[in-house]
1. Assess whether Lys46 counts as being surrounded by 10 or more Cβ atoms within 10 Å (Cβ to Cβ), under 18 Å from the mean Cα position of the chain (by Cα) and closer than 28 Å to Ile116 by Cβ.
2. Among the candidates Leu30, Leu42, Leu12, single out the residue that is within 30 Å of Leu78 (Cβ to Cβ) and of a type outside the set (Lys, Arg).
3. Would you check which residues across segment 49-69 are closer than 16 Å to Lys115 by Cβ and surrounded by fewer than 12 Cβ atoms within 10 Å (Cβ to Cβ) and list them?
4. Just checking, how many residues over segment 62-76 are at pLDDT below 90 and among the aliphatic types (A, V, I, L, M)?
5. Out of segment 44-93, which residues are of a type in the set (D, E, K, R), assigned to a helix (DSSP H, G or I) and free of Cβ contacts under 8 Å to residues at least 24 places away in the same chain?
6. For the subset of segment 89-122 comprising residues that are among the hydroxyl-bearing types (Ser, Thr, Tyr) and within 23 Å of the chain's Cα centre (by Cα), which member is nearest to Ile50 (Cα to Cα)?
7. What are the residues in segment 97-122 that are part of a loop (DSSP other than H, G, I, E, B) and at pLDDT 90 or above, if any?
Amino acid sequence: MKNKKGYSTVELIVVIAVFTVGYFVVANMLSYNFDVNYEEDLYNLKIASIEEQAEVYASAHTELFTESKDIYMTVEELAENNVVVCTSEGVVADPRNSEETLNDLRVKITNDDDKITAQVLA
């Protein structure tokens, strides 16, 4: 009887193939857990920025609230007043779709007992 030490080439190739297939299966499953929608996050940050800048603008222009405690402005009007960041043409780009704009969104600005809040209405 022959004393065999170690593994044959075929055995090593089979073990490497099994580990490789297992690696790709696990890597594929884990990759879906790291799928992040950056465009949606940028959109939410842009909306929060518009609301914050609208509050600052309204705080500096309290005469807007002479008739009512609520006023409505579009993002385009805020861009025309240099309140929000826009292009030189006054376009506020939508981070989710480069061909769309946020200019038509309405912003509700409320002055309730000298506490000014703004909310983008979708």
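The values are calculated or read from the model by the stated rules, or taken from the named source; none is laboratory data. The shown structure was predicted, so the numbers you read here are calculated from the model rather than taken from an experiment. Here the Cβ positions follow ideal geometry from the backbone for every residue, glycine too, while neighbour counts run over all protein chains shown.
1. On the way: surrounded by 10 or more Cβ atoms within 10 Å (Cβ to Cβ): yes; under 18 Å from the mean Cα position of the chain (by Cα): yes; closer than 28 Å to Ile116 by Cβ: yes.
Against the criterion (surrounded by 10 or more Cβ atoms within 10 Å (Cβ to Cβ), under 18 Å from the mean Cα position of the chain (by Cα) and closer than 28 Å to Ile116 by Cβ), Lys46 qualifies.
2. Working: Leu30 fails: within 30 Å of Leu78 (Cβ to Cβ); Leu12 fails: within 30 Å of Leu78 (Cβ to Cβ).
Testing whether each residue is within 30 Å of Leu78 (Cβ to Cβ) and of a type outside the set (Lys, Arg) leaves just Leu42.
3. In the first step, residues of segment 49-69 are kept if they are closer than 16 Å to Lys115 by Cβ; the result is 51-52, 54-62, 64-65, 68-69.
Scanning segment 49-69 gives Ala60, Thr62, Ser68, Lys69.
4. Going through segment 62-76 one residue at a time, the tally reaches 1.
5. So in segment 44-93, the residues of a type in the set (D, E, K, R) come out as 46, 51-52, 55, 63, 67, 69-70, 76-77, 80, 89.
Imposing the further condition that a residue be assigned to a helix (DSSP H, G or I) reduces the set to 46, 51-52, 55, 63, 76-77, 80.
Within segment 44-93, Glu63, Glu77, Glu80 meet the criteria.
6. Filtering segment 89-122 for residues that are among the hydroxyl-bearing types (Ser, Thr, Tyr) and within 23 Å of the chain's Cα centre (by Cα), the one nearest to Ile50 (Cα to Cα) comes out as Thr117.
7. Here is the first cut: in segment 97-122, the ones part of a loop (DSSP other than H, G, I, E, B) are 102-105, 113-114, 122.
Result: Leu102, Asn103, Asp104, Leu105.
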